[in-house]
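Worksheet: one structure, shown below.
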Amino acid sequence: MLAQNNKELKKVLFFALVFLTTQQGQAGESPTSQQDQAQSGHSLAPANSPDSVFLFSYATPADKGHSGLHFAWSADKKTWNPLASEYGYIRSDYGEWGSQKQMNTPCLFQTPTGEWQCIWSLNGSINQFAHAASTDLIKWGRQSYPYLEQGQTFYQPVIRYDRKKKEYTITFISGDQYLRMTTKDFKAYSSPTPIPQTQYKDDRITVTLPAGGAITGNMTKVPRQVIAKLEQFAKDKQQKANQAREISPKNDSIRFAGIQSLTATIALRSTGRKPISDRLIGVFFEDINYAADGGLYAELLQNRDFEYTPGDRKYNDSAWNNKHSWTARGLGFTIDSTAPLHPNNAHYAVLDATTPGGALINSGFDGIPLKKGEEYEFSLFARNDNGKSTALLVKLVAQDGSVLAQTVIQTHAQQWQRYTAQLTAQGDAANAQLEMSLVGRVMLDMVSLFPKKTFKGRSNGMRADLAEAIAAIHPRFIRFPGGCVSHGDGLDNIYRWKNTVGPIEARKPQSNIWRYHQSAGLGFYEYFQYCEDIGAEPLPVIAAGVPCQNSTLTAKGGGQQGGIPMNEMDQYTQDILDLVEWANGPVTSKWGKLRAESGHPAPFNLKYIGIGNEDLITDIFEERFTMIYKAVRQKYPGITVIGTVGPFYEGTDYEQGWALASRLKVPMVDEHYYESPGWFIENQDFYDHYDRQKPKVYLGEYASWGNTLFNALSEALYLTNLERNGDVVQMASYAPLLAREKHTQWNPDMIYFSNTEIRPTVNYEVQKLFGNNAGNEYLPSTIQVSTDAQAVRKRLGVSIIRDTTNGTVIVKMVNLLPFPTTIKLDLGDLAKGSQAEKSVLQGLPNDKTASVTVTTATPAGRILSEILPPYSLTVWNIHR
Ligand code: AHR
């Protein structure tokens, strides 16, 4: 405690000294140039000591600053040495990937208390700028993107400190004007006001870096140790990343040259057993890669509601409009919205045919697959505004023109009316079309075709093969609707659960952040129903009042766009409370009644709610998250709220998210990381040191970068470590789950599919083995391996767990080595008189397919012996 106080005292004295030194002889504003300021971060050496050097900070205009803030240093202001190959110490996180995330003309300034303030221009044409602060130039705090007045822009900022007023002045260029604003804390800013050009003093300098080319930035003076620390930090990072990246099966023959085999002796420890989560393995469902419409949702027609809009694709595809997937042959086909079926579904088709032979055709999602002898449910809403009935001939037609099914629907009502028919396919087709013909005039909407055989035969149901493949993982929970879909592309695109329940024609379709369309046919009711059907806990993830930080730039701004206005947050929070009532409330409650009307009077027994999805942790986020969290906790203390800690396993959002969650005592947080297989191998101790008193972890999104066996086994290895840390890591879901071939926005995924086939990956096989071999108690063991080489030991993973409800003992062993490993496992009494089922997934490391072989055996005694094949996962399920 004393030592700590001494340290603090030294720090205060040091900053006081630096402050006095820098302010000597000055009145009012601090020096006109930062160049000669003595500024020194947290080092104890004064900046103006002989051991100080010049630090140059800059962003690269050539990449619009995407690579972030770089540093170079010089002792003489002539020769400049870039730090750590132009490492980006902080990167802008504003707006969309690609064109946004720019850091232009950054200005770095050290305050009298030693803190570093950095502000930068996001791009030349928007009325926002960016700010972040750091105490050591290494760890950076939250980013903020304050708004200027309408029409103002922000370029080449210069920061000064006014000692008398104790405030900072920021001057900058806005179009052809020079503006000035002030701030005391870099949180609240005065309104920018015009100043004469003479008052704008740009103190940036231009230097030449060894790689050539002149570059402009800020120069300041710092003790040499600052450079050393910056360099060391970046080098460590780069070295770790390279180390992980180098791990690949193609290097294994060199890495493990000379080793032919390994032996390992494993014995259960008599102490240290601990309860672990029995809900570790779940699935992450997001409508990405056509996972919902055209995927799990069994609807066979595309754009059934005529609601596709060019905006779904950011106006980059003129064919993506209300008529998408529909073609008219020999009849009039227009889109109208004057008297819609429902305001949420404004558009509908108007067909006018004066002669027979014309048709309106829907091509489905890459064609309509049909199976001979199977039944299909056809339905539509129609309206005859002229009061004349029409006979609508509905046909399913194969590519060769043969008609595989047909029916006639007599439409007759002047108001919207639903019609249904059953069609039985007379043949197989991979790529059929739906054709509707008539003579006369009719309005149509919600034209739909479902296979009768959906998962569990549910109407408005799910594609059976996909739903069964997911169920086969035996997931203990399903997270939905995302991912980024949950918080959406901008404020207007936040996923609102209320728009996705009730009659399908009243649901509100919307654009998908992955640049297509969501019909909302697969909505919250269907998700909850599916969870119940397969015995998984529903885990809805709701936006924390902010959209995705990667949201496109619109009139409301980019990125988080300021969040839902605070005067709308009460209603937004209420919507979340209503979700709990909808899921769990009695039929007599307002929202419970709606659930019952949809066909489910019994409560769904919701236990978890995720608030936020890997959000940028800003003040805007914190205010809204806290409000929602407190409201849910207060009204529903039994619900486990899951917070969010950013998109990576480290960095500002991770740290700030964890700090906020710990402060608020949020029960669990959602971590995300997509990394190389080497990262998963190198970081097996990631959770070993987590504070057991802090929030629990839901590893909500993770995957190694690929679908080879090597990738899958690196995930298996990591999962054995998650089981060891099952007291902290309560749940984990590989992501993303589904991907439709030719419509994939993200790779790798767990299950690929087309209309007629599903292609589970080897990563899926791993998830399935872990999902089907779960337990609730961890049995610690000791492992002795015939080598001390860490590189070898890290490739061997063992986890022994038990299901205390039935006594089953499960042993999982991963051999990620290119040679076999002989295992001797002493299970003591646990193996006595039991049956063992052995499942093995093995192959060559680059294999993209491999199946699991299952054998059964009766363990002879307490010692189990096994030879683990090279590149394999072996699971023993030992039960009585
Ligand atoms: O899983 C795909 C995407 O990855 C999710 O939508 C998002 O949360 C993450 O960045």
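Given segment 242-340, what strands (runs of 3 or more DSSP E) lie entirely inside it while holding 2 or more residues that are over 30 Å from E723 (Cα atoms)? Spell out the reasoning first.
Values: elements: 262-268, 281-284, 326-329, 332-336.
Per the criteria, 326-329, 332-336.
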| Of the conditions (1) surrounded by 15 or more Cβ atoms within 10 Å (Cβ to Cβ); (2) free of Cβ contacts under 8 Å to residues at least 60 places away in the same chain, S598 fails just one. Which one is it? | (2)
| Pairs with Cβ under 7 Å, 6+ apart, first in segment 681-692 and in contact (Cβ under 8 Å) with a residue 24 or more places away in the chain and within 19 Å of L709 (Cα to Cα), second open to solvent by 40 Å² or more (accessible area, probe 1.4 Å) and of a type in the set (A, V, I, L, M, F, W, C) | none
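Quick check, is Q518 within 16 Å of the ligand (Cβ to nearest atom), under 25 Å from H347 (Cα atoms), in contact (Cβ under 8 Å) with a residue 12 or more places away in the chain and within 19 Å of the chain's Cα centre (by Cα)? Before the answer, list the steps.
Working: within 16 Å of the ligand (Cβ to nearest atom): yes; under 25 Å from H347 (Cα atoms): yes; in contact (Cβ under 8 Å) with a residue 12 or more places away in the chain: yes; within 19 Å of the chain's Cα centre (by Cα): yes.
When the stated conditions are applied, Q518 passes them.
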| remark: Exception for Y674 within (1) in a strand (DSSP E or B); (2) open to solvent by less than 10 Å² (accessible area, probe 1.4 Å) falls at (2)
| task | Considering each of E650, E655 in turn, give the residue that is within 16 Å of the ligand (Cβ to nearest atom), of a type in the set (D, E), open to solvent by 40 Å² or more (accessible area, probe 1.4 Å) and within 22 Å of I620 (Cα to Cα). | result | E650
| message | Quick test for you: out of V852, V814, pick the one residue that is surrounded by 22 or more Cβ atoms within 10 Å (Cβ to Cβ), in contact (Cβ under 8 Å) with a residue 12 or more places away in the chain and either over 35 Å from the mean Cα position of the chain (by Cα) or under 30 Å from A257 (Cα atoms) (or both). | response | V814
| task | Examine segment 467-482 for a residue that is within 16 Å of the ligand (Cβ to nearest atom), in a helix (DSSP H, G or I) and under 23 Å from G521 (Cα atoms), and state whether such a residue exists. | result | yes
| request: Test E581 against the criterion of being open to solvent by 10 Å² or more (accessible area, probe 1.4 Å), assigned to a helix (DSSP H, G or I), among the acidic types (D, E) and under 24 Å from L466 (Cβ atoms), and give yes or no. | output: no
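So which of E837, E777 ends up being under 21 Å from I878 (Cβ atoms) and touching a Pro at 6+ places or on another chain (Cβ under 7 Å)? Steps first, please.
On the way: E837 fails: touching a Pro at 6+ places or on another chain (Cβ under 7 Å).
Answer to the selection: E777.
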| task | Return yes or no: is T756 assigned to a strand (DSSP E or B), more than 26 Å from I254 (Cβ to Cβ) and open to solvent by 30 Å² or more (accessible area, probe 1.4 Å)? | result | no
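Residue-wise test of (1) open to solvent by 20 Å² or more (accessible area, probe 1.4 Å); (2) modelled with pLDDT under 95.
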site: A244; (1), (2): no, yes
site: T265; (1), (2): yes, no
site: T271; (1), (2): yes, yes
site: K274; (1), (2): yes, no
site: S277; (1), (2): no, no
site: I281; (1), (2): no, no
site: F284; (1), (2): no, no
site: D287; (1), (2): no, no
| Consider Q232 against the criteria (1) open to solvent by less than 80 Å² (accessible area, probe 1.4 Å); (2) free of Cβ contacts under 8 Å to residues at least 12 places away in the same chain: it satisfies all of them except one. Which criterion is unmet? | (1)
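The values are calculated or read from the model by the stated rules, or taken from the named source; none is laboratory data. What you see is a predicted model, and the numbers here were worked out from it, not measured in a lab. Neighbour counts are summed over all protein chains in view; Cβ atoms, including those assigned to glycine, are modelled from backbone coordinates with ideal geometry. For the accessible areas, the whole protein counts, side chains as well, though only heavy atoms, and no ligand, DNA or RNA atoms are used. Shrake-Rupley method; radii C 1.70, N 1.55, O 1.52, S 1.80 Å.
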